[in-house]
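Undergrad: Supplied in structure tokens, the structure appears directly below.
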Amino acid sequence: MGMGMGGGRGGGFRGVDAEAQRKANATAPKIANLGQRVLTLFRPYRGKIVITMALVLIGAALGVIPALLVQRVFDDALFPSGGSPNLRLLLILVLTMIALFLLSAVIGVAQTWYTSTVGNKVTGDLRVRLFEHLQAMELGFFTRTKTGVIQSRLQNDVGAVSSVLTNTVTSILGNTVTVIASVVAMVLIDWRLTLLAVVLMPILAFVQRRVGQVRARIAGKTQESLSELSAITQETLSVSGILLSKSFNRQRAESGRYRKENDNQIRLQVQQAMSGQGFFAIVSVIMASVPAVIYLVSGYLITGGAEITAGTIVAFTTVQARLLQPLMGLMRVALDVQTSGAVFARIFEYLDLKPAITDAPDAITVADAPGPLGRIEFRDVTFRYPDAAADARPTLDGVSFVAEPGQNVAFVGPSGAGKTTVLYLAPRIYEAESGSVMFAGEDVKRLTAESIIDNIGIVSQETYLFHATIRENLSYAKPDATEDEIVAACKAANIHHVIESFEQGYDTIVGERGYRLSGGEKQRIAIARVLLKDPPVILLDEATSALDTVSERVVQEALDEASRGRTTLSIAHRLSTVIGADMIHVVKAGRIVESGTHDELIALGGLYTELAAQQLEASRILHEDVQVTRTVERAPDRAPFEEDPDELVGHLRRRLPAFGGEPDDAM
């Protein structure tokens with residue numbers, strides 16, 4: 001009944017609710033010269049595209065030829081006017097039809113290869129291009145954009161691009177040629193029967209379309225239910241989710257929530273299977289009735305003296321049967337084209353985003369900077385975050401300081417004072433609104449971002465480890481690191497002996513986000529990773545504030561080792577990480593209000609003294625913990641404080657004029 005080249009093709013975006021899709025398309029951004037930009041994406045593959053289009057045209061045209069041959073098979077070979085079948089002609093016609101079927105199959109395979117190759121190559125190029133572009137975006141873009149939205153652009157929208165070529169374009173072209181060729185063939189076979197078919201086919205196509213719309217709406221709800229099931233699975237079966245449900249004994253409640261959504265999914269699947277069964281029955285009746293009606297009309301025409309042969313009737317019904325699917329496909333052309341444009345518009349919207357921080361055209365590397373490597377200077381720096389209100393106070397307001405090579409400079413102050421922002425501006429993760437941030441004697445705006453980061457190591461409060469081996473996590477900082485270099489970095493970070501105690505050693509899988517390791521172990525691996533990089537500058541963003549007292553001492557020792565001989569900017573919450581700093585800056589409301597060493601600031605009796613007083617009780621607790629943990633056998637983990645805790649508490653008692661307030665993490 002035909003060769004299937006184009007006759008059964010739909011558009012590129014089937015199985016969706018048309019109304020919902022139109023609403024989604026309406027929200028797509030408006031992109032200038034969208035069509036031209038889309039064509040640019042396919043330009044590298046224009047040779048393959050031309051071949052694809054030729055194959056589509058040839059395949060669609062070949063689809064109607066067998067029906068014309070059927071007419072000759074019946075009228076000239078099987079039932080010739082002479083009486084006996086013409087076996088020689090019949091053999092020729094049959095072999096010709098088989099050859100056409102074979103040619104059609106070969107063309108179909110070739111067309112699939114070309115469309116799949118071009119579609120997926122364009123998709124791959126676009127996905128990499130978008131990923132690289134997002135990598136270049138500033139940190140602020142990711143703090144204000146949901147991760148799920150970004151993933152949707154990379155996976156869903158970019159993934160739909162291949163459908164534009166493999167389905168939408170080829171469908172429109174193939175269906176158009178099939179419909180035209182079929183109608184022409186029907187007219188050539190018998191124009192009277194063609195009039196009858198032209199009247200009946202739109203009715204059949206309309207009924208079939210209504211069935212598709214009903215099923216599409218249910219399919220949309222089914223996909224939403226599947227998404228909800230996936231979300232529940234991700235939330236509850238992740239490491240964090242399991243810990244949370246077990247902590248509150250909510251396993252049964254989570255199972256109930258999953259069971260409820262699963263029941264909804266079953267109900268929708270049954271609805272989808274049963275939806276339109278009445279419509280399908282009507283469609284099947286109509287599809288079966290069209291040839292029957294043609295037989296009836298043909299009988300009346302023959303009775304009236306018209307010359308209609310059996311071959312004419314068989315050939316005509318064969319061609320007519322090919323019209324339904326391509327006709328339905330063409331009815332959705334407008335929606336398919338609109339959806340294709342919306343997909344590309346959403347992708348180009350992201351590609352058109354301009355990174356807020358880029359290298360200057362004449363940017364130089366840190367190696368060519370005039371000052372000493374490791375020197376960091378802020379000159380009257382003012383900064384407010386891009387999403388801050390216009391009348392909000394600056395996060396940093398006129399901040400100035402100098403960190404000389406090898407110095408340990410700490411920043412303390414109340415929460416929200418602007419301490420972390422200092423660490424963001426130093427490597428130009430954010431850019432100062434006014435003033436200058438100097439690195440190695442040069443304004444960071446005149447240095448390449450890559451060369452700045454190459455000379456900086458960052459240890460944050462929240463350690464991020466990949467679900468990979470310890471060695472792979474360490475090698476992230478230096479892919480070509482030798483085994484000796486890795487071991488040396490881990491020894492310096494006071495973690496080598498712990499890794500060696502694991503059965504798999506450095507090949508131990510750390511688990512999702514490093515959940516198989518303790519907080520202190522993860523932090524020391526992060527420190528080892530920075531040591532492996534061996535940068536002249538280290539930024540410590542509250543690297544021990546989330547750790548218990550014992551882990552803090554071990555990690556602090558590793559941090560002391562990491563900081564030795566390097567310029568270190570650290571944000572400190574706990575007094576133990578501040579005392580030994582070469583310079584301490586006290587930040588309040590975006591300004592540096594006090595500067596000096598620990599002793600100098602205590603003697604000053606200002607904000608630092610108040611913050612230190614608030615932590616005195618924490619220092620007492622620390623003292624008691626140290627006494628207890630001295631009995632624990634952790635020989636390789638030495639307490640990092642050179643002064644005895646008893647002396648520390650006594651020192652504070654002598655220095656501080658007052659001890660009011662509850663202990664907190666204000667520092």
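Undergrad: With every protein chain left in place, what is the accessible area of R259 in Å² (1.4 Å probe, nearest 10)?
TA: 140 Å²
Undergrad: Lys and Arg at +1, Asp and Glu at -1: add these up for the other residues within a Cβ distance under 15 Å of S298 and post the number.
TA: Summing Lys/Arg as +1 and Asp/Glu as -1 gives -2.
Undergrad: Solvent-accessible area of H467, probe 1.4 Å, all protein chains present, reported in Å² to the nearest ten, please.
TA: Estimated to the nearest 10 Å², H467 gives 130 Å².
Undergrad: Another question about this same structure. If K445, K491, K121 are ordered by their accessible area, calculated over protein heavy atoms with a 1.4 Å probe, which sequence runs from highest to lowest?
TA: K491, K121, K445
Undergrad: Shifting gears a bit: Counting heavy atoms of the protein chains only and a 1.4 Å probe, report the per residue accessible area for segment 311-443 as a whole number of Å².
TA: For segment 311-443, the per-residue accessible area is 38 Å².
Undergrad: How big is the accessible area of T395 in square angstrom, nearest 10, if you roll a 1.4 angstrom probe over the protein chains?
TA: Per-residue accessible area (T395): approximately 30 Å².
Undergrad: OK, next. Please give the length that would be gained between S460 and R43 if that part of the chain were fully extended, namely 0.36 nm times their separation in residues minus their C-alpha to C-alpha distance (nm, one decimal).
TA: 145.6 nm
Undergrad: Of M274, M97, which has the most accessible area with a 1.4 Å probe, and how do the rest follow in descending order?
TA: Most to least solvent-accessible, the answer reads M274, M97.
Undergrad: With respect to the cross-link table entries K48/K354; K533/K588; K246/K522, which display a Cα-Cα separation exceeding 26 Å?
TA: Table pairs above 26 Å Cα-Cα are K48/K354; K533/K588.
Undergrad: Return a whole-number percent for the relative contact order of segment 352-453, with Cα pairs under 8 Å and 6 or more residues apart as the contact set.
TA: This gives 44 percent for segment 352-453.
Undergrad: Which order do you get for I429, I92, I499 if you rank them by accessible area with a 1.4 Å probe, largest at the top?
TA: I92, I429, I499
Undergrad: Expressed in nm to one decimal, what extension gain is obtained for the pair F142 and K491 from 0.36 nm per residue of sequence separation less their Cα-Cα distance?
TA: Difference between extended and current length: 122.1 nm.
Undergrad: If each of E483 and I203 carries a label point 7 Å out from its Cα toward its Cβ, how far apart are those two points in nm?
TA: Each label point lies 7 Å from its Cα, and together they span 8.2 nm.
Undergrad: Provide Rg over Rh for segment 283-409; use the alpha carbon set for both Rg and the Kirkwood Rh (inverse mean inverse pair distance).
TA: 1.60
The values are calculated or read from the model by the stated rules, or taken from the named source; none is laboratory data. As the structure is a prediction and not an experimental result, all values here were calculated from the model. Cβ atoms come from the backbone with ideal geometry, glycine included; neighbour counts cover every protein chain shown. Please note that ligands, DNA and RNA were not included when accessible areas were found on the heavy atoms of the full protein model with its side chains. Shrake-Rupley method; radii C 1.70, N 1.55, O 1.52, S 1.80 Å.
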